[in-house]
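The values are calculated or read from the model by the stated rules, or taken from the named source; none is laboratory data. In this text the structure is predicted, and so the values were computed from the model without any measurement. When we count neighbours, we look across all protein chains shown, and the Cβ atoms used for this are built from the backbone with ideal geometry, even at glycine.
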Amino acid sequence: MNSFFAQEVPLSWYLMLSAILFSLGVVGFLIKRNLITMFMSIELMLNAVNLSFVTFAQQWHAVKGQIFVFFVMVVAAAEAAVGLAIIISVFRARATLAVDRIDLMKL
Amino acid sequence: MHLILFFVFAGFCLAGAINLLVQSHPISSALSLIVVMTSLAVLYLMLGAEFLAAAQVIVYAGAIMVLFTVVVMLLNAGREARTLSSRAAWVVGFPAVATILAVIATVILHLQGMGVATLSNGSTSTITSTAEVGTVLFTKLLLPFEVTSVLILIAILGAVALARPGNGEGTAGK
């Protein structure tokens, strides 16, 4: 094992990974036309933000970042339950998951 | 050792996230999102957040993604179609997202260069432990913790009320 692989991971790499994951989530939210997949992209963005929270918690040796991630997880669980119930309700009313055809409130 | 683990699981993360975008079937997207979340749990473990790694696997990769896959199967979601607004999103969305990513990357690299926050792993000994998280959570933050439990309860009741058959059709149809 040479010295390159023995060294620690710089924390800025975690932040870069978090930024890239967040951007991929935004891209997914924009280009996906399926209601469920768009919702999954939102979950991806939440996860990316969680990663940067944990990274900063490690950086400052503070426990608050981890606790914030815990609360984000709880709220994400609630959000997923309510959001998927809304998706089921929308599907029952419109019989489609394509967001282009769920345009009742569009001008 | 940490570097190899980081590269492997960051690669899994990125591959899963890109696969989420590329796949046109929702169930494939859901499965690749599970890969992303499980790899993130390993990264949390490397960052010294054991409790969050376990919670990530149980809550995200377990409960939430099971919910997603069940809904995908329940609604029998098929392949999505490429439409006109989809192409518009490609044209407008990619430059905007590239700009966002560039700005964030600049800020991070700037922080690192300026030495404002020396972004380096201090030591291998992780300070924050599960016991510390629990202590803070159940003493200083007891009220927010209880409030979130009430939030979860309300969310479950709301989900049941929303998804119940015979509730949406009468009002949502009009």
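Looking at the range B:75-93, which of its residues are part of a helix (DSSP H, G or I) and at the interface with another protein chain (Cβ under 7 Å from one of its Cβ atoms)?
Going residue by residue through the range B:75-93, those that are part of a helix (DSSP H, G or I) are B:84-93.
Result: B:S85, B:S86, B:A89, B:W90, B:G93.
Tell me, which residue of the range B:28-45 that is touching a residue at least 24 places away in the same chain (Cβ under 8 Å) and facing chain A (nearest Cβ under 7 Å) is farthest from B:L74 (Cα to Cα)?
B:L43
Which residues, taken from the range B:1-27, are assigned to a helix (DSSP H, G or I), more than 7 Å from chain A (Cβ to nearest Cβ), surrounded by 15 or more Cβ atoms within 10 Å (Cβ to Cβ) and small (G, A, S)?
Answer for the range B:1-27, where residues must be assigned to a helix (DSSP H, G or I), more than 7 Å from chain A (Cβ to nearest Cβ), surrounded by 15 or more Cβ atoms within 10 Å (Cβ to Cβ) and small (G, A, S): just B:G16.
Please work out which one of (1) touching a Ser or Thr at 6+ places or on another chain (Cβ under 6 Å); (2) in a helix (DSSP H, G or I) is the condition B:Y60 fails and give its number.
Evaluating B:Y60 over (1) touching a Ser or Thr at 6+ places or on another chain (Cβ under 6 Å); (2) in a helix (DSSP H, G or I) leaves (1) as the failure.
Within the range A:30-42, track down each residue that is under 17 Å from B:V97 (Cα atoms) and modelled with pLDDT of 90 or more.
Answer for the range A:30-42, where residues must be under 17 Å from B:V97 (Cα atoms) and modelled with pLDDT of 90 or more: A:M38, A:S41, A:I42.
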